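Chemist: A single structure is presented below for examination.
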Amino acid sequence: ATDDVTILIPGKLHPHAVGRISEAFNVVTAERADPTLLSDDERARIRGAAVMTRVDAAFIDALPNLEIVASFGVGYDHVDAKHAGSAGVMVTNTPDVLTEEVADTALGLLLNTVRELPKAEAWLRAGKWVKDGNYPLTRGTLRGRSVGIFGLGRIGQAIARRIEAFGLPISYHNRRPVEGVDYTYYPTLVDLARNVDTLVSIAPGGASTEKAINAEVLAALGSNGVFVNIGRGSTVDEDALAKALADGTIMAAGLDVFADEPNVPEGLLKAENASLLPHVGSATVHTRQAMADLVADNLFAWFERGEVMTPVAETRDVPLPTR
Ligand code: NDP
């Protein structure tokens, strides 16, 4: 029975997930995933964790009976999944249930960036429509643009379907071409940037994408270039981006994610040609509830039936328990 099983909830977690997990399991809470905040007894009892916070290798090693870490969100760069895999600990994330929501937000952010819609609304609210007349025509337009997607996975493909409906050509960069899509593939990010004027990044964080969008990529995008990031802030050299926005290397940027959230670098805050959002890609009541359900469902599947619903790639070979 699950009420014999102790689950740790370190830091903040969606209340619906906390509620479902607390009803069925024994729950221990802590301010963060730090073994020094737990008693010896708690460390020995904990068999699962439901997390939104950082989980590092030392934490995994400090819990001898840990079997599964159920992480909230599709991106799980805050969990050392590689180490978990080698320690025989399962890690799950929340893919698919947020895909369409995040793609919707990406298109909104792209339009806001290119057509300056937030600034046009601010113009109206400030009474300038009455006082100064029409909002100035925007230099930016989606018409005639060619869009490159960095990270054509689940969300990238949902973004691409929307861009297709907007009538724009699509190309992409991944480490490997995607089977069954006929968008143009570029084997390097700089090649992609050179061949498009609009770059949308929905690539995951982690070492392999760290600061991938750098000065060279931004220069390749060019002076009519628009860069939208809804993936992870760590994939961008933010100093290079602030400079590219200030000196006209690119035309504009739309950013939902930042390297050190919730802190946004001064250079981006003062960029008039940047449209900035506080990481709201999946942030609706509907979608966050579905993500919370999937966190709880992974724990139920594991402890009740010896199954797992959405394992991450690094822990796919961790053996299932017999229940
Ligand atoms: P997927 O795993 O389905 O897609 C990721 C894509 O990125 C794959 O096509 C993969 O292709 C490509 N990729 C991964 N690493 C690299 C690399 N080093 N170089 C080039 N391409 C790479 O994930 P999702 O589409 O479900 O989610 C993508 C990311 O979006 C999440 O990891 C998360 O960080 C972010 N996200 C942001 C949200 C927000 O609120 N702003 C909300 C939800 C997600 P390949 O393996 O062939 O390289």
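Chemist: Tell me, rounded to the nearest percent, the portion of alpha carbon pairs in the range 165-290 spaced more than 16 Å apart.
Modeler: 63
Chemist: Now for a different question. State the answer as a single residue: which of THR94, ALA207, ALA242 lies farthest towards the positive end of the charge dipole of the chain, with beta carbon charges of +1 for Lys and Arg and -1 for Asp and Glu, about the Cα centre.
Modeler: Farthest along the dipole direction, towards plus: ALA242.
Chemist: Can you tally the net charge around GLY231? Count Lys and Arg as +1, Asp and Glu as -1, for every other residue whose Cβ sits under 11 Å from the Cβ of GLY231.
Modeler: -1
Chemist: Might you report the magnitude of the Cβ-based charge dipole of the chain about its Cα centre, with Lys and Arg at +1 and Asp and Glu at -1, to the nearest 20 debye?
Modeler: Magnitude of the dipole: close to 1060 debye.
Chemist: Divide, for the range 74-137, the radius of gyration over alpha carbons by 2.2 N^0.38 Å, where N is the residue count.
Modeler: 2.01
Chemist: Let's test this: bin the Cα-Cα distances of the range 136-221 at 10 Å from zero up to the farthest pair and state each bin's percent.
Modeler: Here the calculated profile for the range 136-221 is 17, 51, 27, 5, 0.
Chemist: Sticking with this one: List the extent of the Cα atoms of the chain along each of their three principal axes, largest first, rounded to whole Å.
Modeler: 67, 46, 33
Chemist: For LYS270, go through the lysines and keep the ones whose alpha-carbon is under 18 Å away, minus same-chain ones fewer than eight residues off.
Modeler: Straight-line reach from LYS270, under 18 Å: LYS119, LYS243.
Chemist: Moving on. Taking 2.2 N^0.38 Å as the expected size of a compact globular protein, what ratio does the Cα radius of gyration of the range 36-97 give against it, to two decimals?
Modeler: 1.08
Chemist: Let me know the Kirkwood hydrodynamic radius for the range 256-323, please, with Cα pairs as the basis and the value in Å to one decimal.
Modeler: 15.4
Chemist: At most 16 other C-beta atoms within 10 Å and a DSSP loop state: those are the exposed GluC sites (Glu not before Pro) I care about. Give me the longest piece of the chain that has none.
Modeler: It works out to 32-178.
Chemist: Given the convex hull of the Cα atoms of the range 1-59, what is a quarter of its surface area in nm²?
Modeler: 3.9
Chemist: Once the dipole of the chain is set up with Lys and Arg at +1 and Asp and Glu at -1 on Cβ about the Cα centre, which of MET52, THR284, ALA24 lies farthest towards its positive end?
Modeler: Towards the positive end, the residue furthest out is THR284.
Chemist: Using 5 Å bins from zero, what percent of all Cα-Cα pairs in the range 3-156 falls into each bin?
Modeler: 2, 8, 14, 14, 12, 8, 8, 8, 8, 7, 6, 4, 2, 1
Chemist: Separate question: With n ≥ 4 as the cut-off for DSSP H runs, can you work out [θ] at 222 nm for the chain, using -39500 (n - 2.57) per run divided by the number of residues, rounded to the nearest 500?
Modeler: Helix-only estimate at 222 nm: -10500 deg cm²/dmol.
Chemist: Loop-only check: which trypsin sites (Lys or Arg not before Pro) in the range 210-248 are DSSP coil with at most 12 other Cβ within 10 angstrom?
Modeler: Qualifying residues, ordered by number: none.
Bear in mind these aren't lab numbers, they're just calculated from the coordinates by the rules spelled out. A quick note: this is a predicted structure, and the numbers were derived from the prediction, not measured. For neighbour counting, all protein chains shown are included, and Cβ atoms are generated from backbone atoms with ideal geometry for every residue, glycine included.
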